[in-house]
1. Which percent of the accessible area of the protein assembly as shown is formed by carbon and sulfur heavy atoms (probe 1.4 angstrom)?
2. What Kirkwood radius, in Å to one decimal, follows from the Cα pairs of the range B:101-187?
3. How big is the gap, in Å, between the Cα center of the range B:104-155 and the Cα center of the range A:392-460?
4. Output needed for the protein assembly as shown: three equivalent-ellipsoid semi-axes, defined as square roots of 5 times the C-alpha gyration tensor eigenvalues, in descending order, whole Å.
5. How would you rank B:46-53, B:34-41, A:107-114, A:433-440, highest first, on the average number of other Cβ atoms within 10 Å across their residues?
6. Can you pull the percent of Cα pairs in the range A:365-491 with separation above 20 Å?
7. Quick check: the angle from helix A:391-410's long axis to the longest principal axis of chain A, C-alpha only, nearest 10 degrees?
8. Can you give the FRET efficiency to the nearest 0.05 for A:Val472 and A:Asp3, using r as the Cβ-Cβ distance and R₀ = 45 Å?
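The values are calculated or read from the model by the stated rules, or taken from the named source; none is laboratory data. None of these values were measured; they are calculated from a predicted model. Neighbour counts are summed over all protein chains in view; Cβ atoms, including those assigned to glycine, are modelled from backbone coordinates with ideal geometry. These area figures cover heavy atoms from the full protein model, side chains too; ligands, DNA and RNA do not enter into them. Shrake-Rupley method; radii C 1.70, N 1.55, O 1.52, S 1.80 Å.
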Amino acid sequence: MLDVLHQLGGGFAGLLQVGNFVALLVGLVVGMLVAVLPGLTLVMGVVLALPFTYGMPITPSIILLTAMYISGTYGGAITSILFRIPGEPMDVPLLWDGWSMAHNGEPARALGWTLLAALTGGLITATVMVTLAVPFAKVALTFDSPEYFAIVMFGFTSVVTLGGGSVANAFISLFFGMLISTVGVDEIYGVDRFTFGIGMLRDGIGYLPVMVGAYGLGEVLVRLEQGFASAPMTGTVRVKTRIPRLKEAWSIRGAFARSSVIGVVCGIIPGAGATIASFIAYGVEGQYGKRRRELGRGIPEGIVAPQVASTASVGGHMVPLLTLGIPGSGATAVILGAFLLHGVQPGPQIFDTQAALVYQIFASMFVAVFGMGLLGYFAIRPLVRVLYLPEALVSVFVIMFCLIGAYSEHNNITDLWMIVVFGVVGYLFERYRFPIAPMVLGAILGPVAENAFLTSMISYQNDWTIFFTRPVSGIVLVLALVALLFPLYGHWRRQRAARLVAAAR
Amino acid sequence: MPQRLRALAPYVVVLAIAAYFYYVASKFAFTPRGGRLGPDVWPRTILVLTMIVCVLRIAAGLRAPRGDAPADADGGLIADVAKDAGHASDAATEAPAERYPARLAIGIALTVAYVATLGVVGFAVGTFVYMLAMTVVGRYRRYGVATIVSLTGALVLMFVFMKVVYLSLPIGVAPFESVSLALMRLMGVR
């Protein structure tokens, strides 16, 4: 532990370098702006920032993206509370109590609770990340290919079943993403797979064009078809924040504790993310909170639970990314991309090979949490002004960043075609209600799953039972199965409730 | 087309595409190596799973009573929480009041044209025209502002990515090349 604290101290010292500090500040501001703007999502923002990191050293690059990630989980809360416009899907639960409290004449109090919740979630997640990462990495060193395969499968089932909407559509989206990852020349046999004689497909399709196209251009195309008709702004613009007193906060410590645990756990599970964490935390508060009957009428617990959970999920996501090299969300996939572009492969060895970098990232998370709080408290007025920017103008810049981002990876115009293709695919997915997240996760983790599966088959003489007989992979696959059965249970529960209601009439 | 068939059409299309890709995967030419699985196994597994999901979905759709929602469409944790909180509509993706398919088609066509001509007209000229056109297609009616923003945007992006990020953006061919080179000289980009 002392060694960890010593290294963390070194990380804080490293943050004093001008480049790192500027990257942190820029990341915080841009992350908040992206989260505030309804047409832009947090993942899109991180994706669009990626090309700027190509010319930067690795440490400020990762600090920039993680700062965006953490402040992005907070910025959208402001517009949810003040204008009833959720900046991100994770901010939807804040409409119910946050906006209600503001609507009841206490917007400053609502903003104060959100700020305190984001600070608490951020500090807890940063602490958990520092505490868990090293032991997690030590355990990960014992993992073999069956364990990696099982973890990826767990991620796949989580993203399919937890996301909401049609499970069939989520599965199709996931399989499409996995299939995309098989395109190109096979590494073992040297065989062309699904290249159809097109030269540019022989190198395969990276997950970044898939993400940039589907999340960036695809979303703009959806909004363009809707005529960039943003929701009308309602409510007052009395942007002032009143931080709750310690006594007030202590009285709802249960909500803080429950939501922190939910956030961190949802973060660690690949596929579940800030949105899932936010909704689960709100749901748990509705089931077990002391004032569950008052939830939805503008009580602090309804603001604290989703906000703590969504911010707390960030550190949880960073743990599998750093220790296993497995990104569990869109934003961490982009951060993984930044690592790889700078020639660093995250995984259990990273604590030996790149310890200084890792601890600077950890230190930046702590500083980012306080920076986010300060920014939220003092710069809230100019932040909400960006809502008045015409969406058509913002969107055209989003497209430009998507295209330049794709071009800059190889300085090749043909890469832009990938963006256009996946932009249209992203639009079609949105239009026909196929979720995009499973496709992206399939494209990211598909190669990991295939390699782990084939390596296991080679190592264990094509004995597929190995995935179930090894303790860790067996347990994780059982968890994956539970995640898979979860929607069936939900469906059965809803049908049973409907039958009971019908019988009572 | 009856509503039920329209709802099932995407799954029929995906099923047909998956079947075709399965056929393609079964034709991968490789020499098996002792005891090792071939490069076709993984994609074929994915495609079989895709086809199973489509068949199940189509069967469920055909069996469902007329007018019912798809069996799993209302599920999901997010929808459950929203429903329990009494705000189901907040978590649902509601259909927009108006759609502009023509604008969408023009937007896609403009993007395709931009990518196709970027190497010829260069970044500065192509980006200015594209940004302006997309802004107008996006129903922004203050043309003067749109022109200024597009021009400034194209130049700022060019400066940032060429001068700060050291990215080699396309400069086009004559006569557009001379415009790009003149702008680069003005910006101090070598």
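1. Using a 1.4 Å probe with all protein chains present, the protein assembly as shown comes out at 66 percent carbon and sulfur.
2. It works out to 13.4 Å.
3. First find each Cα centre; the distance between them is then 24 Å.
4. 34, 33, 29
5. A:107-114, A:433-440, B:46-53, B:34-41
6. Here the tail beyond 20 Å accounts for 73 percent of pairs.
7. Rounded to the nearest ten degrees, it is 30.
8. Approximately 0.95, to the nearest 0.05.
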